[in-house]
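What follows is a short report on a single structure.
The values are calculated or read from the model by the stated rules, or taken from the named source; none is laboratory data. Not measured: the values here are computed from a predicted model. Cβ: placed from backbone, ideal geometry, glycine included. Neighbour counts: every protein chain shown.
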Amino acid sequence: MKAYINNTAYDFLQGETILEFVRRIEKNNNAIPTMCQDDRLENFGSCRVCSVEVAREKDGITKTMASCHTPIAERLYIYHNTEKIKRLRKNIVELVLTDYPADKIFPAKGKKATPFQETITQIGIPTIRYPKGENHLDIEPDTSHPYIKSDLSQCINCFRCVRACEEIQGEMILGMSGRGFATNIIKGFDTSFNLSACVSCGACVQTCPTDALTDKFETKTLIADKTVRTTCTYCGVGCQLDVSVINGEIKGIQAPETAEVNEGHTCLKGRFAFQFYNHPDRLKEPLIKKNGKFEEVSWNEAYDFITKKLISIKNEYGADAVGGISSSRATNEENYLMQKMIRVAIGTNNIDGCARVCHAPTAYGMQQAFGTGAATNSIEDLNQTDAIFLFGANPTEAHPVTGAKIKQLFMKGVTSIVVDPVKTKLAKLATYHLQLRPGTNVAILNMMAHYIIKEKLVNQSFINQYTEFYKDFEAHVADLDMSELEELTGVSKELVKKAAIAYASAERAMEFHGLGVTEHYQGSKTVMLLSNIAMMTGNIGKNGAGLNPLRGQNNVQGAADMGVQPHQGAGYMDVNNFEVQQYYAKKYGVDKMPEHEGLKIPEMIDATLQGKFKALWIMGEDTLMTDPNSNHIRKAFEKLDLLIVQELFMSATAEMADIVLPAASYFEKNGTFTNGERRVQRVNKVIDSIGNCKSDGQIMIDMMHRLGYKQPTGQLYDAAKIVEEIADVIPFMKGVTWEGLGKNGLQWPVKDDGTDTKMLHINGNFKKGKGTFHHFDFEETPELVEHRKKFPFILTTARQLEHYNSGTMTRRTENQLISSNDYLEINPLDAGKKDISEGDAVRIFSDRGSVNIPVKLNYTVKPGIVRTTFHQPEIFINLITGNVGDKETLTPEYKVVAVDFEKI
């Protein structure tokens, strides 16, 4: 199929527009100027600057058409730079400039041209022949928002910001009001940015072709000394960022449109919350506690202190009296080095990480079902799915870029099922919302499986060929009493039946789950039952399907991959297996490895209180604030002989340490992060380290040398060399190289030739051989069995868009101005019974303790349920959470806490 550009024939691609065709052939994105067009948005055709002349035959009659939304067709003749078209474009721009500030036509001194200014230059500066009549040049700028400002005197009514807000973020905050010269952009109900429901993603700023919408950093028009591509440090989406640097300081962040993960989009944390890196609170020197107070010391003194204490403890109590907690905020390479240091230089498998308090049940449950504990599909598969099953996750708050993609599909009418005790934004849009009682996940999945079998919607061919133990599972759920489970879960059995049929009837159904699945007494069992639902319907091993955990931290997948867990080393090999021990010993160049699995974090805490565990090294985790039952943790920390903390700031945990080591932020080092879809992406150093900080990787190497192990890659931390070592140790990373990762990374497994894997378990090729069905009955959590009578309400916890985990970083940015408090959400019916009004504060208490917290009344939580976020240390919500956890992994049950509350 051919079309013609200036009478020369070229092949065109199915579905191309004229604009895309000409740009591709001429290899020039400026081949045809545009004004309202953005590749990420649906073509709109409002400005007509991209107009071209089109004819059906050579030298035939031409028509003027907008190239951005006109499909290319066979034997079409395109003339995109004729004198007629040049005059038309110039006249369009001239009309726009009648209502545009004259002093903004050219770039300000020291600034880059805006896209609109580039268009003006490309077309040619017209003479303004038309009189300026009524206009909007006197609209006052809006600077109410901490990050985004608007100067609508420079608005050209291209609608790009409105479309970006709708089509990329799905919020529809921006709109257009008025007619003629009175037409202007409005926010919400024609209010200011800070009073609107804007989620501060910055998509409007990035797409705006003028300076009508900018960020406070003026990132679009910065003339930077350098721009560095790196990977975001916040959630597990793994957005790529372009970071602008001037005079050694970060001055702004944009989202690269060529990034496969985020496609030119990011949330307010990735785009704006970077100021923490040089906050005055940053730790800049090693600190040793002397006589109850921290004193600055040299690195040599710090290393000497640690070495002496660790050797003394190891000699007196044995290597198993020492352990480490690694960090999902550190790179793969740094996590790999820490687990290696604990295992090789100390001699114990007592190494754990933040997956223990979040997604350990995901890894365990999926390994039991499939043999691999990671996402089966890629996020891009959303483009091919027919149904979305969202279980215990709130991605618009916790994984905003992926959440925005899911929200777009919900709004477009894709079959959608949300299982969540709270009526979240996505739950309100869903086809089916199963608003269950917290803790009854196993019961609701048994109900769904029952109806899928009863309605004969199982994929028997897939089951017979690729799975095992299905008959046992089928028999188990077939006999369950649906009325009993209906009462137990609080969800109508008819609604569950409809949702089950919708999922099983879809040709391709894609499941996503979050901490609402894993942070439960039956967390691992829930993951295995989700795996059952996917296998029994054949929704594994094909595009638009699968089981896809939404990873909460940026590198929680990678930390586990690197061996940050007590029972599995790098690459998920069983450390109890003698052959595996020999494998690691050979790879690490040592005589032997520890011979038994180590302690999980809760076990380390308990062992400390029993006097068996003496030294703990924590890298980048605020364990005191983020782990449950904070008083229990505090008592344990007080009993330690040695607590070492590597951190950016003086956290609650660091305050209890004997020695604090200042770590470099992700802007200050090289390495890789692995996102929730198994994508290993480069973290590139943007700036030099603040103060006397060192990267976590350098600290690990320094200490290994001090403890007698010589790291083969040398004394200096070199991410590329560590990547090479990791590829040699971990089979599924075999083909990974620093250079080979490029700009968009690779999804493991990566073959020798560098080919990556977008999807797992194709054609039933499970790592464990056959997919395994499991069956379980619902068990009430001991938390409610023991405490519900005295504490009649159930507290469940959640994340907030503006903040990240314990808020260590985000509270030191202007995100704190947008959201400065945690709140307890209470159903108004419950609040009325206790004479509590909006804005009141309450004391919420459990068997462990109490905290005071302000209240928000909200019907999104059912009566009997209360919810809060956990980002602010002033609240310290983990003072009231308990020690009950998932039976298999000990992951804490943050989602079900027996509480009561009273007005204060």
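Values for this structure:
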{"read-out": "Residues within segment 823-839 that are at pLDDT 95 or above, under 24 Å from Lys423 (Cβ atoms) and among the charged types (D, E, K, R), tallied", "value": "4"}
{"read-out": "Residue tally, condition modelled with pLDDT of 95 or more and either out of contact with any Leu (no Cβ under 9 Å at 6 or more places or on another chain) or assigned to a loop (DSSP other than H, G, I, E, B) (or both), over segment 145-157", "value": "3"}
{"read-out": "Selected residue [among the hydrophobic types (A, V, I, L, M, F, W, C) and in a loop (DSSP other than H, G, I, E, B)] from Met625, Met650, Met604", "value": "Met650"}
{"read-out": "Unique residue being of a type in the set (A, V, I, L, M, F, W, C) and under 23 Å from the mean Cα position of the chain (by Cα) when the list is Phe870, Phe901, Phe876", "value": "Phe870"}
{"read-out": "Yes/no for Thr869 being closer than 26 Å to Met528 by Cα, outside the structural domain of Asp622 (by TED's automatic domain parsing) and hydroxyl-bearing (Ser, Thr, Tyr)", "value": "no"}
{"read-out": "Evaluation of Phe116 against (1) in contact with a Ser or Thr (Cβ under 6 Å, 6 or more places away or on another chain); (2) assigned to a loop (DSSP other than H, G, I, E, B) (one fails), failing number", "value": "(2)"}
{"read-out": "Segment 745-763: number of residues that are in contact (Cβ under 8 Å) with a residue 60 or more places away in the chain and out of contact with any strand residue (DSSP E or B) (no Cβ under 7 Å at 6 or more places or on another chain)", "value": "6"}
{"read-out": "Selection from segment 406-444 of residues that are over 19 Å from the mean Cα position of the chain (by Cα) and assigned to a helix (DSSP H, G or I)", "value": "Phe410, Met411, Ala427, Lys428, Leu429, Asn441, Val442, Ala443, Ile444"}
{"read-out": "Meets criteria (small (Gly, Ala, Ser) and not in a strand (DSSP E or B)) for Gly403", "value": "yes"}
{"read-out": "Residue in segment 699-715 that is within 23 Å of the chain's Cα centre (by Cα) and surrounded by fewer than 21 Cβ atoms within 10 Å (Cβ to Cβ) present", "value": "no"}
{"read-out": "One residue from Lys887, Lys862 being surrounded by fewer than 18 Cβ atoms within 10 Å (Cβ to Cβ) and at negative phi", "value": "Lys887"}
{"read-out": "Condition met for Asp190 (in contact with a Lys or Arg (Cβ under 9 Å, 6 or more places away or on another chain) and either closer than 23 Å to Tyr100 by Cβ or of a type in the set (Gly, Ala, Ser) (or both))", "value": "no"}
{"read-out": "Residues of segment 57-88 satisfying the condition of being assigned to a loop (DSSP other than H, G, I, E, B) and either β-branched (Val, Ile, Thr) or closer than 24 Å to Ile128 by Cβ (or both)", "value": "Ile61, Thr62, Thr70, Ile72, Asn81, Thr82"}
{"read-out": "Failed condition for Pro662, given (1) in a strand (DSSP E or B); (2) within 28 Å of Gly745 (Cα to Cα)", "value": "(2)"}
{"read-out": "Count of residues meeting criterion [free of Cβ contacts under 8 Å to residues at least 60 places away in the same chain and among the small types (Gly, Ala, Ser)] in segment 212-233", "value": "1"}
{"read-out": "Hits in segment 569-591 (condition: crowded, with 24+ Cβ neighbours inside 10 Å and without any contact (Cβ under 8 Å) to a residue 24 or more places away in the chain)", "value": "none"}
{"read-out": "The listed residue being surrounded by fewer than 24 Cβ atoms within 10 Å (Cβ to Cβ) and within 21 Å of Thr796 (Cβ to Cβ), out of Leu485, Leu550", "value": "Leu485"}
{"read-out": "Those residues of segment 148-180 which are hydroxyl-bearing (Ser, Thr, Tyr) and in contact with a strand residue (DSSP E or B) (Cβ under 9 Å, 6 or more places away or on another chain), in sequence order", "value": "Ser150, Ser177"}
{"read-out": "Top-ranked residue in segment 1-36 [being part of a helix (DSSP H, G or I) and acidic (Asp, Glu); ranked as nearest to Ile156 (Cα to Cα)]", "value": "Glu20"}
{"read-out": "When residues of segment 313-328 are limited to those that are touching a strand residue (DSSP E or B) at 6+ places or on another chain (Cβ under 9 Å) and part of a helix (DSSP H, G or I), the one surrounded by the fewest Cβ atoms within 10 Å (Cβ to Cβ)", "value": "Tyr317"}
{"read-out": "Qualifying residue in segment 35-48 (condition: farther than 29 Å from Leu97 by Cα, among the acidic types (Asp, Glu) and modelled with pLDDT under 95)", "value": "no"}
{"read-out": "Set Gly691, Gly708: member being touching a residue at least 24 places away in the same chain (Cβ under 8 Å) and within 24 Å of Arg282 (Cβ to Cβ)", "value": "Gly691"}
{"read-out": "Residue in segment 338-354 that is crowded, with 24+ Cβ neighbours inside 10 Å, in contact with a helix residue (DSSP H, G or I) (Cβ under 7 Å, 6 or more places away or on another chain), of a type outside the set (A, V, I, L, M, F, W, C) and part of a helix (DSSP H, G or I) present", "value": "yes"}
{"read-out": "Single residue of segment 234-292 satisfying the filter (polar (S, T, N, Q) and in a strand (DSSP E or B)) that is farthest from Tyr303 (Cα to Cα)", "value": "Gln254"}
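The rows are residues; the columns are (1) buried (at least 17 other Cβ atoms within 10 Å of the Cβ); (2) out of contact with any strand residue (DSSP E or B) (no Cβ under 8 Å at 6 or more places or on another chain); (3) assigned by TED's automatic domain parsing to the domain that holds Gln254.
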{"site": "Asp59", "(1), (2), (3)": "no, yes, no"}
{"site": "Ser67", "(1), (2), (3)": "yes, no, no"}
{"site": "Leu88", "(1), (2), (3)": "yes, no, no"}
{"site": "Val93", "(1), (2), (3)": "yes, yes, no"}
{"site": "Thr98", "(1), (2), (3)": "no, yes, no"}
{"site": "Ser144", "(1), (2), (3)": "no, yes, yes"}
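Per-residue answers, yes or no, for (1) touching a Gly at 6+ places or on another chain (Cβ under 7 Å); (2) on the phi > 0 side of the Ramachandran plot; (3) outside the structural domain of Asn377 (by TED's automatic domain parsing); (4) surrounded by fewer than 17 Cβ atoms within 10 Å (Cβ to Cβ):
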{"site": "Leu426", "(1), (2), (3), (4)": "no, no, no, no"}
{"site": "Gly439", "(1), (2), (3), (4)": "no, yes, no, no"}
{"site": "Lys456", "(1), (2), (3), (4)": "no, yes, no, yes"}
{"site": "Gln465", "(1), (2), (3), (4)": "yes, no, no, yes"}
{"site": "Leu495", "(1), (2), (3), (4)": "no, no, no, yes"}
{"site": "Ala506", "(1), (2), (3), (4)": "no, no, no, no"}
{"site": "Phe512", "(1), (2), (3), (4)": "no, no, no, no"}
{"site": "Thr518", "(1), (2), (3), (4)": "no, no, no, no"}
